[in-house]
Amino acid sequence: MEHIVIIGNGIAGVTAARHIRKHSDKRIIIISAETDHFFSRTALMYVYMGHMKFEHIKPYEDWFWQKNGIELVRGYVTEVDTENKKLLVDNTKSFHYDKLVIATGSKSNKFGWPGQDLHGVQGLYSKQDLDLLEVNAPNKEKCKRAVIVGGGLIGIELAEMLRSRDIPVTFLVRESSFWNGVLPEGESQMINEHIGEHHIDLRLGTNLKEIVSDGNNRVKAVIIQETGEELPCDFVGLTAGVSPNVDFLKDSGIELGRGVKVNRFLETNIKDVYAIGDCAEQREAIGNRRPIEAVWYTGRMMGETVAQTICGNRIEYKPGHWFNSAKFFDIEYQTYGWVFGARGKKEHEEQFHWRHDTEKICITVAFHGENKLFLGINTFGIRMRHEIFDRWLTEERDVDYVMEHLVDANFDPEFYKQYEVGIVSKYNSDFGKSITAKKKNSKRIFQLN
Amino acid sequence: MSTYDRSMALTGQPPVTLSRNQKLATLVGMFGLAIVLLAAFNVTFPSKALWLSIALASILGGTIWFSSDAYLHKQPGIKNDGVWFKSISSQGFWGWIAGIALTGFYIILYFYPEYLGLVSGGDNKGVIGLFDPLSKALSGNPASQWFVYGTLYTIAILAFGIKFLWKYRHNQYERIRTFSVMFFQTAFAFIIPELMARLNGSSLLNGGSLPYYDLKNMWPLNYYNFEGYRIKGFLSSGDIGFAMLIFGVATIFIISPILTYRFGKRWYCSWVCGCGGLAETAGDPFRQLSDKSMKAWRIERWVVHSVVVFVTLMTTAVIYSYLGTDTSKYWLTKSTFLIGVAVLLTLVFGWVMLFKRKQLQKDAQYGAIGYFVVIMALIGMHFLSGDGNVFLFKSETLRKSYSFLIGSIFSGVIGTGFYPIFGNRVWCRFGCPMAAILGFQQRLFSRFRITTNGGQCISCGNCSTYCEMGIDVRAYAQKGENIVRSSCVGCGICSAVCPRGVLKLENGPLKGRIDSNQVLLGNDVDLMQLVNKK
């Protein structure tokens with residue numbers, strides 16, 4: 001019986017294990033240094049906020065693993081010997097593998113700031129980080145001010161977490177507007193405002209110079225590069241992105257770039273060794289995607305794909321249309337297809353933006369300036385139906401068609417106000433069109449014809 | 001390194017502390033309760049009407065003030081911060097105290113109403129006496145323990161309903177649904193039956209008197225609706241009484257199947273029902289306490305369906321016991337009634353087995369066993385029962401045990417008293433035969449489903465945690481499957497708390513409603529076909 005060893009029990013590794021089990025009776029071992037059982041990393045924030053206990057963010061009950069014959073090992077892989085197909089865990093236990101899947105995820109970036117290793121300074125990625133946060137910032141008495149460095153998704157989540165305990169937060173963002181490397185201007189601006197509504201001291205266009213020690217190896221303040229201002233604080237969150245967690249592979253002979261280099265079959269340079277999820281780096285980017293995709297959904301897709309390959313059906317990793325989602329405090333964000341911020345915007349890309357007069361709701365639709373092909377949509381505060389946009393992207397609909405049928409894609413709960421009429425009329429006036437928004441039609445939505 | 005242990009805290013550690021306004025509001029509410037409690041210890045208040053008004057106003061006002069301070073100065077959005085840090089909402093010390101207090105209240109209410117001051121054939125004392133003025137104003141009669149309970153119940157739904165409206169003020173579905181339960185409780189469960197009592201003995205009812213009837217409360221939740229004394233009451237009250245009896249039959253056999261087909265059982269359980277109304281308002285802080293394990297689900301299915309069998313047999317036996325045998329007196333006799341019940345059950349069973357067997361899978365066997373038990377019991381009733389007897393017991397014994405075990409202990413003492421321990425829908429989930437019957441329809445014959453939005457689920461678990469019915473919503477959502485579960489009451493909270501916009505309650509075509517294929521979008525279509533291969 002073949003031994004499949006998977007390093008890492010995150011969404012990528014666990015999805016691979018589950019699908020290998022579905023298709024075969026191979027022996028499956030998952031090794032993790034982080035936790036005994038799989039949990040949803042994206043939900044760690046809710047544990048600190050008191051929405052859930054840690055046990056609630058485990059998607060499977062603890063009996064699941066034994067019942068499905070998936071062996072769990074807790075330990076840190078210290079050595080990978082690809083010649084003899086052996087792993088060493090915690091320098092002591094040795095495991096043989098026939099096929100190895102590396103799914104070790106990411107680690108928080110630290111860019112060599114002075115003081116970045118002081119007590120009270122941390123990133124937010126792992127269960128250990130969450131535990132550490134409980135020590136560093138348990139309440140507003142022990143943590144009188146927190147500073148967050150890095151304006152991405154983890155940064156804003158960390159801000160929301162700390163605010164749930166009334167801890168004052170200063171948020172240092174390098175960019176001129178929140179996440180505008182990814183979001184178009186109007187959206188980014190709206191999120192800036194919403195951050196303010198949650199009483200966060202948002203400092204745009206601001207870099208960290210250094211973190212100051214109190215003399216006992218503990219953070220006392222940060223100094224801002226641009227102004228030289230010294231901000232006293234008890235906690236610093238470093239959330240300037242993540243990078244693949246692959247340092248333990250340095251001497252293994254497995255080819256590394258920033259992550260583990262893989263081809264489209266998720267194979268590394270060494271036979272029978274695969275890499276999936278955040279830690280995998282495509283040799284060539286797929287379409288508009290980045291070579292390293294640290295996203296929940298792509299981890300899951302790679303897990304499904306590599307399971308096919310390992311079970312004898314060698315197939316390429318071929319992700320479908322791009323989608324993603326997040327939540328900025330109270331504002332839900334979804335995206336389907338490609339909408340770029342000013343920095344990444346292609347020459348042919350045109351955008352239509354609509355924002356509600358009073359509420360924090362907006363959308364941006366991207367389309368091809370010449371052939372009017374619909375390229376993608378960002379929505380804030382309106383939920384959209386994934387299936388519909390996936391279909392429209394596959395059918396290569398033009399932007400007029402999308403605007404006309406926009407109501408079909410609405411996924412908000414029943415009785416919510418609908419904004420399609422206003423959106424379409426703004427589209428008409430922006431681009432000199434005379435489109436009438438269609439009525440919602442369940443035959444079209446559920447494809448009953 | 002471990003997470004701070006918060007379980008020792010009484011009121012929850014920071015960040016969860018009460019603001020000054022909240023403390024004052026608590027004081028106001030407690031003052032109102034204290035008046036009621038003092039009355040219970042037979043302190044006589046000079047002007048009952050005044051003091052009762054003060055007490056009820058304080059309880060209502062205190063709760064509303066507390067809620068406004070808790071929610072209105074915050075941004076609209078999900079307000080679950082610190083839920084698991086507060087001892088009241090995380091099975092901590094205050095949770096247990098509240099559970100014990102509520103349970104004690106229910107035991108006294110159901111079994112020892114004399115301690116509340118109930119005096120039969122004389123003037124009420126104590127708490128019940130305190131409520132006399134209000135009862136007399138409404139129905140003209142002195143209060144009973146049920147009037148006191150009904151008043152407090154309605155106050156709870158109104159006060160906590162307002163709290164819920166503020167907590168979910170960004171969510172139009174939750175708001176409209178809450179207005180609905182507040183309305184049905186106040187009008188249908190509380191005021192209309194009291195006012196109707198004034199008609200008793202009037203010429204409108206041909207001098208008859210109607211039984212107390214909450215019109216929205218249908219059999220089998222209202223398990224006593226077809227008991228002899230009630231039937232007599234209906235039939236003695238002219239056309240109105242007869243119409244109400246017909247309505248009682250129609251609600252369960254005609255109205256509810258149609259509405260459940262169109263909207264799912266939510267039209268009742270989380271829009272109309274009084275038990276549901278209390279669970280959704282006063283019970284809302286406890287929804288996260290329901291058990292989501294596979295084991296709990298297994299127990300749930302056995303227990304709730306056993307209750308359905310029990311209530312069916314009990315009701316049949318009760319009606320059987322007062323029917324006659326002489327066809328010349330009345331067309332409906334003992335034997336025609338039994339045959340009627342058997343035919344109806346056979347039709348339902350046959351239809352399900354013929355058309356819906358596949359959807360039931362293993363449960364079909366259990367269904368068959370249940371059906372078999374009921375039919376054997378009916379046959380047994382025919383051959384082995386004498387006058388007033390069903391088998392060896394009196395039908396009265398059967399009725400009394402149901403009323404004691406299910407009607408009082410399960411729905412009241414455990415169902416509501418244990419809110420802070422087992423969650424707010426214990427009764428609805430494990431005990432309510434009405435919910436089970438509607439659920440059966442919802443699973444097999446309804447347009448309702450919770451649609452999963454393609455591949456957007458991140459398995460965070462908010463939906464499962466905040467499902468009051470203990471459904472592991474995430475288990476479906478993360479596979480891209482729609483959620484079509486008989487127990488779902490359609491409260492909509494899973495959809496509300498989802499941070500990624502994955503879940504939507506909707507009524508749609510039957511085709512493709514139960515889609516056991518995983519349709520995780522975002523992945524290459526060929527791969528999806530491979531993944532779905534079983």
Restricting to region B:313-352, and then to whatever is out of contact with any helix residue (DSSP H, G or I) (no Cβ under 7 Å at 6 or more places or on another chain) and aromatic (Phe, Trp, Tyr), can you tell me which residue is farthest from B:His382 (Cα to Cα)?
B:Trp351
For the subset of region B:465-478 comprising residues that are facing chain A (nearest Cβ under 10 Å) and surrounded by fewer than 24 Cβ atoms within 10 Å (Cβ to Cβ), which member is nearest to A:Ala12 (Cα to Cα)?
B:Ala475
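Would you confirm whether or not region A:262-278 contains a residue that is within 25 Å of A:Phe328 (Cα to Cα) and part of a loop (DSSP other than H, G, I, E, B)? Steps first, please.
Initially, region A:262-278 is screened for residues within 25 Å of A:Phe328 (Cα to Cα), giving A:277-278.
Remaining after also requiring part of a loop (DSSP other than H, G, I, E, B): none.
The answer is no, given that none of the residues of region A:262-278 is within 25 Å of A:Phe328 (Cα to Cα) and part of a loop (DSSP other than H, G, I, E, B).
Rundown of residues vs (1) farther than 28 Å from A:Gln351 by Cα; (2) crowded, with 18+ Cβ neighbours inside 10 Å; (3) more than 14 Å from every other protein chain (Cβ to nearest Cβ); (4) in contact with a Gly (Cβ under 8 Å, 6 or more places away or on another chain), yes/no style:
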residue: A:Val169; (1), (2), (3), (4): yes, yes, no, no
residue: A:Leu172; (1), (2), (3), (4): yes, yes, yes, yes
residue: A:Pro184; (1), (2), (3), (4): no, yes, yes, yes
residue: A:Ser188; (1), (2), (3), (4): no, yes, yes, yes
residue: A:His199; (1), (2), (3), (4): yes, no, no, no
residue: A:Gly205; (1), (2), (3), (4): no, no, yes, no
residue: A:Ile211; (1), (2), (3), (4): yes, yes, yes, yes
residue: A:Asn216; (1), (2), (3), (4): yes, no, yes, no
residue: A:Val219; (1), (2), (3), (4): yes, yes, yes, yes
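Residue by residue, here is whether (1) part of a loop (DSSP other than H, G, I, E, B); (2) at positive phi holds:
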| position | (1), (2) |
| --- | --- |
| B:Thr26 | no, no |
| B:Leu33 | no, no |
| B:Leu50 | no, no |
| B:Ala55 | no, no |
| B:Gly77 | yes, yes |
| B:Asn80 | yes, no |
| B:Ile107 | no, no |
| B:Gly121 | yes, yes |
When you go through (1) away from chain B (no Cβ under 14 Å); (2) without any contact (Cβ under 8 Å) to a residue 12 or more places away in the chain one by one for A:Glu55, which number turns out not to apply?
(1)
The listed residue being of a type outside the set (Lys, Arg) and touching an Asp or Glu at 6+ places or on another chain (Cβ under 9 Å), out of A:Glu420, A:Glu414:
A:Glu414
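Of B:Gly492, B:Gly470, B:Gly501, B:Gly461, which residue is among the small types (Gly, Ala, Ser), closer than 28 Å to B:Phe349 by Cα and at pLDDT 95 or above?
B:Gly470
If you take the residues in region A:86-110 that are over 30 Å from A:Arg300 (Cβ atoms) and touching a strand residue (DSSP E or B) at 6+ places or on another chain (Cβ under 8 Å), which one is surrounded by the most Cβ atoms within 10 Å (Cβ to Cβ)? Walk me through how you get there before you give the answer.
Going through region A:86-110, the residues over 30 Å from A:Arg300 (Cβ atoms) turn out to be A:91-92, A:94.
Still in the running and touching a strand residue (DSSP E or B) at 6+ places or on another chain (Cβ under 8 Å): A:91, A:94.
Working: A:Asn91: 10, A:Ser94: 12.
So the residue we want is A:Ser94.
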Might you check whether a residue that is surrounded by fewer than 24 Cβ atoms within 10 Å (Cβ to Cβ) and in contact with a strand residue (DSSP E or B) (Cβ under 9 Å, 6 or more places away or on another chain) occurs anywhere in region B:417-427?
no
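Mind telling me which of the residues B:Thr251, B:Thr260, B:Thr186 ends up being within 20 Å of the chain's Cα centre (by Cα), assigned to a helix (DSSP H, G or I) and surrounded by 22 or more Cβ atoms within 10 Å (Cβ to Cβ)? Steps first, please.
On the way: B:Thr251 fails: surrounded by 22 or more Cβ atoms within 10 Å (Cβ to Cβ); B:Thr186 fails: surrounded by 22 or more Cβ atoms within 10 Å (Cβ to Cβ).
Of the residues listed, the single one that is within 20 Å of the chain's Cα centre (by Cα), assigned to a helix (DSSP H, G or I) and surrounded by 22 or more Cβ atoms within 10 Å (Cβ to Cβ) is B:Thr260.
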I'm trying to understand the selection: among the residues of region A:150-182, which are assigned to a loop (DSSP other than H, G, I, E, B) and among the polar types (S, T, N, Q)?
A:Ser164, A:Ser176, A:Ser177, A:Asn180
Qualifying residue in region A:343-350 (condition: under 30 Å from A:Ile154 (Cβ atoms), surrounded by fewer than 21 Cβ atoms within 10 Å (Cβ to Cβ) and modelled with pLDDT of 95 or more):
yes
Check A:Tyr416 against each of (1) in contact (Cβ under 8 Å) with a residue 24 or more places away in the chain; (2) within 14 Å of chain B (Cβ to nearest Cβ); (3) part of a loop (DSSP other than H, G, I, E, B) and name the one condition it does not meet.
(1)
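Please state which one of A:Ile4, A:Ile20 is surrounded by 18 or more Cβ atoms within 10 Å (Cβ to Cβ), touching a residue at least 24 places away in the same chain (Cβ under 8 Å) and not in a helix (DSSP H, G or I). Outline the logic, then answer.
Numbers: A:Ile20 fails: not in a helix (DSSP H, G or I).
Going through A:Ile4, A:Ile20 in turn, the sole match is A:Ile4.
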Of everything in region A:308-343 that's more than 30 Å from A:Met49 (Cα to Cα) and assigned to a strand (DSSP E or B), which residue is farthest from the other protein chains (Cβ to nearest Cβ)?
A:Gly337
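How about region B:36-48: which of its residues are assigned to a helix (DSSP H, G or I) and within 17 Å of B:Tyr115 (Cβ to Cβ)? Give the steps one after another, and end with the answer.
At the first step, the residues of region B:36-48 found to be assigned to a helix (DSSP H, G or I) are B:36-40, B:48.
B:Val36, B:Leu37, B:Leu38, B:Ala39, B:Ala40, listed by residue number.
What tally of residues in region A:267-307 results from selecting those that are among the hydroxyl-bearing types (Ser, Thr, Tyr), over 14 Å from the mean Cα position of the chain (by Cα) and within 11 Å of another protein chain (Cβ to nearest Cβ)?
Start the filter on region A:267-307 by keeping residues that are among the hydroxyl-bearing types (Ser, Thr, Tyr), which leaves A:268, A:274, A:297-298, A:305.
Restricting the remaining residues to those that are over 14 Å from the mean Cα position of the chain (by Cα) gives A:268, A:274, A:305.
Still in the running and within 11 Å of another protein chain (Cβ to nearest Cβ): A:305.
Number of matching residues: 1.
Here is a yes/no grid of residues against (1) crowded, with 18+ Cβ neighbours inside 10 Å; (2) outside the structural domain of A:Ile30 (by TED's automatic domain parsing); (3) in contact with a Lys or Arg (Cβ under 6 Å, 6 or more places away or on another chain); (4) under 30 Å from A:Val169 (Cα atoms):
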{"residue": "A:Asn68", "(1), (2), (3), (4)": "no, no, yes, no"}
{"residue": "A:Val73", "(1), (2), (3), (4)": "yes, no, no, no"}
{"residue": "A:Asn84", "(1), (2), (3), (4)": "no, no, no, no"}
{"residue": "A:Gly112", "(1), (2), (3), (4)": "no, yes, no, yes"}
{"residue": "A:Gln116", "(1), (2), (3), (4)": "yes, yes, yes, yes"}
{"residue": "A:Tyr125", "(1), (2), (3), (4)": "yes, yes, no, yes"}
{"residue": "A:Asn136", "(1), (2), (3), (4)": "yes, yes, no, yes"}
{"residue": "A:Lys142", "(1), (2), (3), (4)": "no, yes, no, yes"}
{"residue": "A:Ala146", "(1), (2), (3), (4)": "yes, yes, no, yes"}
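When the residues of region A:109-149 are narrowed to those that are among the aliphatic types (A, V, I, L, M) and in a loop (DSSP other than H, G, I, E, B), which ends up nearest to B:Gly82 (Cα to Cα)? Lay out the reasoning, then the answer.
Narrowing region A:109-149 to residues among the aliphatic types (A, V, I, L, M): A:118, A:121, A:124, A:130, A:132-133, A:135, A:137, A:146-149.
The next check asks that each one be in a loop (DSSP other than H, G, I, E, B); those that pass are A:118, A:124, A:137.
Details: A:Leu118: 29, A:Leu124: 20, A:Ala137: 15 Å.
Out of the qualifying residues, it is A:Ala137.
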Scan region A:221-239 and give yes if some residue there is within 20 Å of the chain's Cα centre (by Cα), in a strand (DSSP E or B) and within 30 Å of A:Asn91 (Cβ to Cβ), otherwise no.
yes
Suppose we filter region B:479-495 for residues that are in a helix (DSSP H, G or I) and either more than 7 Å from every other protein chain (Cβ to nearest Cβ) or of a type in the set (Val, Ile, Thr) (or both); how many remain?
2
Please give the number of the condition B:Trp65 fails out of (1) at pLDDT 90 or above; (2) touching a Phe, Trp or Tyr at 6+ places or on another chain (Cβ under 6 Å).
(2)
Kindly provide the set of residues from region B:6-30 that are of a type in the set (Gly, Ala, Ser) and modelled with pLDDT of 85 or more, ordered by number.
B:Ser19, B:Ala25, B:Gly29
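So is B:Val531 closer than 27 Å to A:Asn449 by Cα, aliphatic (A, V, I, L, M) and within 11 Å of another protein chain (Cβ to nearest Cβ) or not? Give the derivation first.
Details: closer than 27 Å to A:Asn449 by Cα: yes; aliphatic (A, V, I, L, M): yes; within 11 Å of another protein chain (Cβ to nearest Cβ): yes.
Against the criterion (closer than 27 Å to A:Asn449 by Cα, aliphatic (A, V, I, L, M) and within 11 Å of another protein chain (Cβ to nearest Cβ)), B:Val531 qualifies.
For every residue, the table says whether it meets (1) modelled with pLDDT of 95 or more; (2) closer than 21 Å to A:Phe38 by Cβ; (3) among the basic types (Lys, Arg); (4) surrounded by fewer than 24 Cβ atoms within 10 Å (Cβ to Cβ).
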| position | (1), (2), (3), (4) |
| --- | --- |
| A:Gly257 | yes, no, no, yes |
| A:Phe265 | yes, no, no, yes |
| A:Asp272 | yes, no, no, yes |
| A:Glu281 | yes, no, no, yes |
| A:Asn288 | no, no, no, yes |
| A:Pro291 | yes, no, no, yes |
| A:Gly303 | yes, yes, no, no |
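The values are calculated or read from the model by the stated rules, or taken from the named source; none is laboratory data. Computed from a predicted model, the values in this text were never measured in an experiment. With ideal geometry, Cβ positions are generated from the backbone for all residues, glycine too; neighbour counts draw on all protein chains shown.
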